[in-house]
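Enquirer: Here it is, the structure, as structure tokens.
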């Protein structure tokens with residue numbers, strides 16, 4: 001399959017799936033967390049996808065591309081930490097935590113691979 005947009009990337013698809021699962025999981029968080037952990041974890045998980053779209057748009061210049069991928073990785077790490085808070089505050093079960101963290105870890109692994117070998121994604125001038 002030819003990759004035409006960031007939406008075609010496996011890492012984008014997994015990150016989007018993770019963000020949607022986090023959205024569902026946070027529906028049951030206490031209302032007093034609405035503007036705190038609920039908002040934060042939703043924002044950071046969605047930001048992985050949003051920054052990946054920005055990275056894709058900046059493929060003409062490798063440092064910009066890698067910089068945006070680094071932003072994606074930072075947001076994924078923030079999401080991972082928020083999942084720990086959600087578990088430790090008993091907002092999600094250990095099982096849900098394990099499943100979401102595993103997806104988050106896989107997203108970070110895939111982003112790391114892109115950052116190590118960005119050349120295969122860069123648009124070259126011919």
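Enquirer: Look at segment 90-102 and say how many of its residues are surrounded by 20 or more Cβ atoms within 10 Å (Cβ to Cβ) and farther than 15 Å from residue 40 by Cα.
Expert: So the count comes out to 2.
Enquirer: On to the next question. Among the candidates 59, 87, 46, 109, which residue alone is surrounded by fewer than 21 Cβ atoms within 10 Å (Cβ to Cβ) and over 24 Å from residue 8 (Cβ atoms)?
Expert: Exactly one residue qualifies, and that residue is 87.
Enquirer: Among the residues of segment 78-100, is any part of a loop (DSSP other than H, G, I, E, B), farther than 17 Å from residue 6 by Cβ, modelled with pLDDT of 95 or more and in contact with a helix residue (DSSP H, G or I) (Cβ under 6 Å, 6 or more places away or on another chain)?
Expert: yes
Enquirer: Kindly provide the set of residues from segment 1-36 that are within 25 Å of residue 91 (Cα to Cα), touching a residue at least 12 places away in the same chain (Cβ under 8 Å) and assigned to a helix (DSSP H, G or I), ordered by number.
Expert: 14, 15, 16, 17, 18, 19, 21, 22, 23, 25, 26, 33
Enquirer: Return the only residue of 63, 30 being closer than 22 Å to residue 112 by Cβ and over 9 Å from the mean Cα position of the chain (by Cα).
Expert: 63
Enquirer: Restricting attention to segment 101-109, does a residue exist that is within 16 Å of residue 19 (Cα to Cα) and not in a helix (DSSP H, G or I)?
Expert: No - not one qualifying residue is present in segment 101-109.
The values are calculated or read from the model by the stated rules, or taken from the named source; none is laboratory data. Since we're looking at a predicted model, the values are computed, not measured. Heads up, the Cβs are rebuilt from the backbone with ideal geometry, glycines too, and the neighbour counts pull from every protein chain shown.
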